[in-house]
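Just passing along the structure, written as structure tokens.
The values are calculated or read from the model by the stated rules, or taken from the named source; none is laboratory data. This is a predicted model, so every value here is computed, not measured. When we count neighbours, we look across all protein chains shown, and the Cβ atoms used for this are built from the backbone with ideal geometry, even at glycine. These accessible areas exclude ligands, DNA and RNA; they are computed on the full protein's heavy atoms, side chains included. Shrake-Rupley method; radii C 1.70, N 1.55, O 1.52, S 1.80 Å.
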Amino acid sequence: MADEEDSLSQFDISKEETDKLVSEVIRFILFKFHQSSGTPIKREDLTQIVTKNYRQRNLATHVINEAKKKLSNVFGYDLKELQRARSSSTGQSRLPQSQSSVDSKSYVLVSELPLEVFKKHVVDETTSPVTGFTFVVLAIVQLAGGKIPEETLWHHLKRMGLHENDEHNPVFGNNKQTLETLVQQR
């Protein structure tokens with residue numbers, strides 16, 4: 001408790017105000033996750049919730065970390081930060097943290113439920129084909145070095161029987177729209 005009060009004193013903010021900010025961030029994350037499941041949540045959006053009324057340095061980081069703990073303890077979700085792979089000709093895999101852009105960070109929610117419970121109560125069997133399609137597309141893109149022209153991707157998908165102009169696929173409906181949805185989800 002004393003450690004928490006010490007960390008709050010550096011921001012010159014009360015515990016009640018911090019709890020309110022943490023609750024607002026959690027509410028935003030849960031609504032955003034429900035609204036567009038699978039789409040990453042930008043750190044910039046979370047930071048704006050904190051900085052609209054407070055200007056203290058590192059307060060947003062503190063609030064997001066507290067929200068992360070509460071999401072895990074109360075809701076059973078892990079707020080995972082997405083790591084962006086950076087290509088470099090010098091052999092460095094990542095730039096130092098101080099050089100990376102805050103705007104490029106984003107998060108996704110991952111369930112912490114045991115696999116058996118998750119399968120029994122959460123997994124929707126109707127989404128399994130789309131999940132399979134997603135993995136195939138991601139594998140093709142990954143094998144192509146992380147980038148692939150759309151026509152080349154469709155060439156590979158045609159070999160699996162998926163045609164770009166097929167709007168009446170029995171599983172996906174419109175194949176092109178399904179792929180565009182994946183692109184929107186990054």
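When both residues are 6+ apart or on different chains and their Cβ atoms are under 9 Å apart, which pairs have a first residue that lies in region 51-75 and is assigned by the TED database to the domain that holds Arg27, and a second that is open to solvent by less than 100 Å² (accessible area, probe 1.4 Å) and of a type in the set (Gly, Ala, Ser)?
Within 9 Å, the pairs are Thr51/Ala60; Tyr54/Ala60; His62/Ser7; Ala67/Ser23; Lys70/Ser23.
If you go through region 133-175 one residue at a time, how many are at pLDDT 75 or above and either exposed (fewer than 10 other Cβ atoms within 10 Å of the Cβ) or part of a helix (DSSP H, G or I) (or both)?
25
Consider region 8-55. How many of its residues are touching a Ser or Thr at 6+ places or on another chain (Cβ under 8 Å) and open to solvent by 50 Å² or more (accessible area, probe 1.4 Å)?
Residues that pass the stated criteria total 2.
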